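Structure, as structure tokens:
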């Protein structure tokens, strides 16, 4: 037989009557953190926060211009521009009417260095806004090989096994050495707009950081150089080169 609505409501009321609500717990005494009770600790904390705020890097040329470290940032900007000019990265030309002109921006980095050993270093890099490039117009292919981890392990094991010396180097502004195959026009970098030629733009001749094809063009340049000095490219890892020296080794 079914249970009437009145009987069901009665049972629910009985259950609620027998249910004892949990009592509110007494609230604990609120005390300020112990680290704030000592004035010296508060001062040390404030100084550390101030140091972090003071060490924040500017993100634009204008912020660097207003920075207390402007003299050092200025030197970094000039060093980067010197590298670009010596490498003949672009020619200044009239703004094309039917060709898209991409923008550029400065990337600023402050490396803290080692206290008592190395002073902080200020570095800047001019980066093209490659995200505005269009495939088939501003670039064709972008693939660039990456070394396999197994190749690195083999190289290290051979170094240990034959008691060799392992040398390494870093190519400064590596991506700037690749030649461009497309016509790409870029706005003049902020802070270095040539007077009386403010409306002109940069016709890129060399690759630039930020361009879609930059890694590929650098790899082509590097591969050409390695082949010219007698190295062969591995078929198993396109980032590995070797030279056969006959009985003397390889």
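Report relative contact order for segment 55-224 in percent, whole number only (criteria: Cα-Cα under 8 Å, sequence separation at least 6).
Relative contact order, segment 55-224: 31 percent.
Rounded to the nearest 0.05, what FRET efficiency do residue 107 and residue 194 give with R0 = 25 Å and r taken as the Cβ-Cβ distance? Could you check?
0.70
Taking 0.36 nm per residue of separation and subtracting the Cα-Cα distance, what length does fully extending residue 224 through residue 131 add?
Gain on extension, residue 224 to residue 131, equals 30.7 nm.
Can you tell me the length gained on complete extension of the stretch residue 174 to residue 114, counting 0.36 nm per residue apart and subtracting the Cα distance?
Length difference between fully extended and current span is 19.0 nm.
Just subtract the alpha-carbon distance of residue 233 and residue 157 from 0.36 nm times their residue separation and send over the number in nm, one decimal.
Here the segment from residue 233 to residue 157 would lengthen by 25.4 nm.
Quick check: pseudo-label points 7 Å beyond the Cα along Cα→Cβ at residue 86 and residue 164, how many nm apart are they?
3.1 nm
Every number here is computed from the coordinates shown, using simple stated rules; none is lab data. Keep in mind that what you see is a predicted model, and the values were worked out from it rather than measured. Don't worry about glycine lacking a Cβ; one is built from the backbone with ideal geometry, like all the others, and counts go over all protein chains shown.
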